[in-house]
Amino acid sequence: MSFKVFLCSAVLFFISAVFAGPNVRLLIPEKIYAVPGVETNIYFNNIVTVVNPANYVFDVTCPKGRNDLKRWRFTPQKSDVGKYKWAVEVIDMNGTAARGESELIVLPFDAGADKNITMLIVGASQTGAGVYPDRIVELMNRPGNPKFKTIGTRGRIGKHEGYGGWRWDSFLTRWGYANSKKMDGMHPDRPVGFNSPFLFPDKNGKGVFDLQKYLDKHNNGKAPDVVSFQLGLNDFFNATDQKIVEITEKSLKGMERLISEFRKLKPVPEIMIFQHIPGANQDAFGNNYNCGQTGWQYRKNLDCYNRALLKKGKELKVNVVPVYMNIDTENNFPRKKQPVNEGNGAKVFRAGNGVHPVKAGYNQMGDTLYCYLKALLSRKK
């Protein structure tokens with residue numbers, strides 16, 4: 001690991017970890033929001049960046065929930081509403097390798113029930129799959145929730161603006177790529193011809209960013225109450241140790257530009273940004289990328305980006321959603337049944353996709369977003 005990457009990680013330890021040794025990079029949210037009837041998890045593999053999490057013991061201290069082998073889990077009841085101390089100790093053969101503290105906040109199930117909320121969900125391929133936007137609508141239709149509406153040009157139930165391979169800047173600049181060799185995102189030509197939904201042609205046919213025109217078409221001219229962003233993965237995915245700091249800084253400048261456009265709306269919407277989810281194991285990365293990317297490099301890139309995203313989010317005073325903590329990367333990603341090898345016809349299941357979960361995993365992303373959305377609603381007057 002280069003000094004630059006270590007610096008990117010170490011400088012931000014103070015955000016969530018009381019103590020972290022040189023071999024364990026621990027990242028936990030300052031607050032863990034939970035809602036009655038929705039399972040909340042902290043998967044231990046997801047909160048540490050180490051080569052092999054199985055080499056460590058994770059000891060959670062909290063009056064609520066259960067400390068399992070690979071996760072802390074808790075499905076609150078209405079009687080659990082309140083605030084509780086939450087702490088984790090990461091232990092190796094030499095003792096405590098890292099330690100961090102957070103606050104578990106169980107929100108009332110009817111937080112925000114008296115409100116009318118419109119939400120715009122923006123993102124890349126994990127949003128484009130449409131599953132977690134659908135999950136948000138499903139959860140918001142439960143008793144005790146506000147009248148809720150998603151807006152967008154894509155999606156079945158939960159409308160959204162999710163496009164595979166797109167970056168922060170894509171929504172500001174992507175125009176006329178159908179017959180162009182311009183590069184934009186991880187796979188710029190799929191789907192062919194998609195322009196940013198926030199760009200519209202001027203009299204010369206050039207794409208011009210016009211967020212109000214988008215809202216005129218899709219929300220009766222009104223600003224959404226909440227906008228969420230799942231963007232950045234396509235910036236940092238292929239980074240190396242030598243380039244991750246530079247790439248992260250460039251990406252977050254794009255984030256700042258896009259958010260600044262939304263903050264020109266009146267009234268100004270609440271902004272929510274995702275900290276990205278870990279990937280599946282190396283079998284999945286080998287299946288998708290051959291020798292082009294390893295799960296370990298992705299994990300290091302993710303750690304650096306998520307920490308920088310948290311710091312930048314604080315500077316911009318936006319709501320940072322730790323989606324990474326609540327997804328089961330072992331069981332909720334695609335698996336393929338394959339022969340053990342060419343000489344052995346016995347079939348085994350191997351992970352088949354590096355960064356795109358199955359429905360159950362996407363639903364866990366939606367569960368986290370829902371809990372943090374309910375926290376936002378509980379604060380708004």
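The values are calculated or read from the model by the stated rules, or taken from the named source; none is laboratory data. The shown structure was predicted, so the numbers you read here are calculated from the model rather than taken from an experiment. Note: ideal-geometry Cβ built from the backbone for every residue, glycine included; neighbour counts use all protein chains shown. The protein model used for the area step is the full one, side chains on, heavy atoms only, and it has no ligands, DNA or RNA in it. Shrake-Rupley method; radii C 1.70, N 1.55, O 1.52, S 1.80 Å.
Residues with beta-carbon under 15 Å from that of GLN77, excluding GLN77: net charge, scoring Lys, Arg +1 and Asp, Glu -1?
+2
For the stretch 274-359, what log10 I(q)/I(0) values come out of the Debye formula at q = 0.21 1/Å, with one point per alpha carbon and no solvent?
Normalising to I(0) and taking log10 leaves -0.98.
Taking only DSSP H segments of four or more residues, each worth -39500 (n - 2.57), what value at 222 nm results for the chain once the sum is divided by all its residues, to the nearest 500 deg cm²/dmol?
-8500 deg cm²/dmol
What FRET efficiency comes out for the pair VAL57/ASN195, r = Cβ-Cβ distance, R0 = 56 Å, nearest 0.05?
Efficiency, rounded to the nearest 0.05: 0.65.
Under a cut-off of 29 Å between alpha-carbon atoms, report the lysines in cross-link reach of LYS347, not counting same-chain residues fewer than 8 places apart.
LYS70, LYS336, LYS337, LYS359
Taking the stretch 204-300, which trypsin sites (Lys or Arg not before Pro) meet the DSSP loop condition and have no more than 11 other C-beta atoms within 10 Å?
LYS206, LYS264
Of the heavy-atom accessible surface of the chain (probe 1.4 angstrom), what whole percent is carbon and sulfur?
50 percent
What is the mean projected area of the alpha carbon convex hull for the stretch 214-278, to one decimal in square nanometres?
That works out to 5.2 nm².
Per residue, what volume in Å³ does the Cα convex hull of the stretch 211-349 take up?
Taking the convex hull of the Cα positions in the stretch 211-349, it is 141 Å³ per residue.
If I take every Cα pair under 8 Å that is 6 or more residues apart in the chain, average their sequence separation and divide by the length, what percent do I get for the relative contact order?
Computed value for the chain: 17 percent relative contact order.
When the Debye formula is applied to the Cα atoms of the stretch 310-381, each taken as the same point scatterer, what base-10 log of I(q)/I(0) results at q = 0.27 Å⁻¹?
Normalising to I(0) and taking log10 leaves -1.12.
Quick check: the distance between the Cα centres of the stretch 304-367 and the stretch 189-263, to the nearest angstrom?
For the stretch 304-367 versus the stretch 189-263, the Cα centre distance is 23 Å.
I'd like to check one number: the per residue accessible area of the chain, probe 1.4 Å, reported in Å² as a whole number.
That works out to 45 Å² per residue.
Quick one: length gained pulling GLU101 to GLU330 fully straight, 0.36 nm per residue minus the C-alpha distance?
79.9 nm
Among the listed pairs LYS147/LYS300; LYS217/LYS300; LYS147/LYS206; LYS147/LYS217, give every one whose C-alpha distance is greater than 30 Å.
Violating the 30 Å Cα-Cα cut-off are LYS147/LYS300; LYS217/LYS300; LYS147/LYS206.
Give me the number: length gained by fully extending ARG379 to ASP114, i.e. 0.36 nm times residue separation minus the C-alpha to C-alpha distance, one decimal in nm.
Working it through step by step, the gained length comes to 94.1 nm.
Once every Cα of the stretch 15-169 carries one equal point scatterer and solvent is ignored, give the base-10 log of I(q)/I(0) from the Debye formula at q = 0.10, 0.13, 0.19 Å⁻¹, two decimals.
Each listed q corresponds, in turn, to -0.49, -0.78, -1.12.
Note down, for the chain, the three equivalent ellipsoid semi-axes (square root of 5 times each alpha carbon gyration tensor eigenvalue), biggest first, whole angstrom.
In descending order the semi-axes read 32, 27, 21 Å.
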